[in-house]
Amino acid sequence: MIIIGYRGNEEVLKAYEKLKEEGIEVKIVKEPEELISYLFDKDVKGVIRGSLPSSEVIPLLRERLGKFYRASILKNPFTKNIFLLSPVGIDEVKGLEDKINIINYGAKFLEELKIEPKIALLSGGRLEDLGRDERVDRTIKEAEEVKKRVSYIVEHRGIVIEEYLKEDFNLIVAPDGICGNLIFRCLALVCKLEGYGAILLSEKKVNYIDTSRSGNWKRYYNAAKLLLGNFM
């Protein structure tokens, strides 16, 4: 069974009907507490936030799971392969350790899918922009420090996300959650890049997909397919 949260977005109901047509057992729930209660239910394949508010669901998730990060799964417009974009939660990254965790957890997720991680760090400008602005300098220096402290090979070229996508990088780490959220909204909600929702990256493995309240039916449908192991 797949559990999907619903509050006020009819696109969730469209996804629900489409999944039911395919013979997939789906249940709609309207309260965050009920949604989270299914997280570790052995009879449930996965839980999808659907259109329930993040401000109500995320605190409940943190109570159950502790620290985690969200990584959106999107389809690369150049190569048609999937890539992870993280962080996309506006308050999920406070410093170096959080970015290191995202790289380690994200790479492990890709390896479990038999995908070789190709990891890129974004910062606030091109590397030759160092010295132009204090905030930009901080993001560049932080990215360089992260590179030194992870065991994976990581590329850092600055702000050039278009280069990373053209070269099929599959784990792109934004400077912070606000930047990541803006990138997600531009790519997914404005440019309509196909997506599957956001997985949770943490020490605990949980079959939960976070989705935007602004998504269309295909995003909720794709999230269910991901949980069922059929999304490539």
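The values are calculated or read from the model by the stated rules, or taken from the named source; none is laboratory data. Computed from a predicted structure; not experimentally measured. A quick note on method: Cβ atoms are made from the backbone with ideal geometry, for glycine too, and the neighbour counts reach across all protein chains shown. The protein model used for the area step is the full one, side chains on, heavy atoms only, and it has no ligands, DNA or RNA in it. Shrake-Rupley method; radii C 1.70, N 1.55, O 1.52, S 1.80 Å.
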query: Among the residues of the range 19-33, which ones are under 13 Å from Ala223 (Cα atoms) and either assigned to a helix (DSSP H, G or I) or without any contact (Cβ under 8 Å) to a residue 12 or more places away in the chain (or both)?
result: Leu19
task: Residues being crowded, with 23+ Cβ neighbours inside 10 Å and either of a type in the set (A, V, I, L, M, F, W, C) or part of a helix (DSSP H, G or I) (or both): count how many of those fall in the range 189-203.
output: 3
message: Which residue is least open to solvent (accessible area, probe 1.4 Å), if the candidates are limited to the range 57-71 and must be in contact with a Pro (Cβ under 6 Å, 6 or more places away or on another chain) and part of a helix (DSSP H, G or I)?
response: Val57
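Here's the yes/no breakdown for (1) among the hydroxyl-bearing types (Ser, Thr, Tyr); (2) part of a helix (DSSP H, G or I):
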site	(1), (2)
Lys108	no, yes
Glu111	no, yes
Gly131	no, no
Arg135	no, yes
Glu142	no, yes
Lys147	no, yes
Tyr152	yes, no
Phe169	no, no
message: Out of the residues in the range 117-149 meeting the condition of being open to solvent by less than 20 Å² (accessible area, probe 1.4 Å) and hydrophobic (A, V, I, L, M, F, W, C), tell me which one is farthest from Leu187 (Cα to Cα).
response: Val146
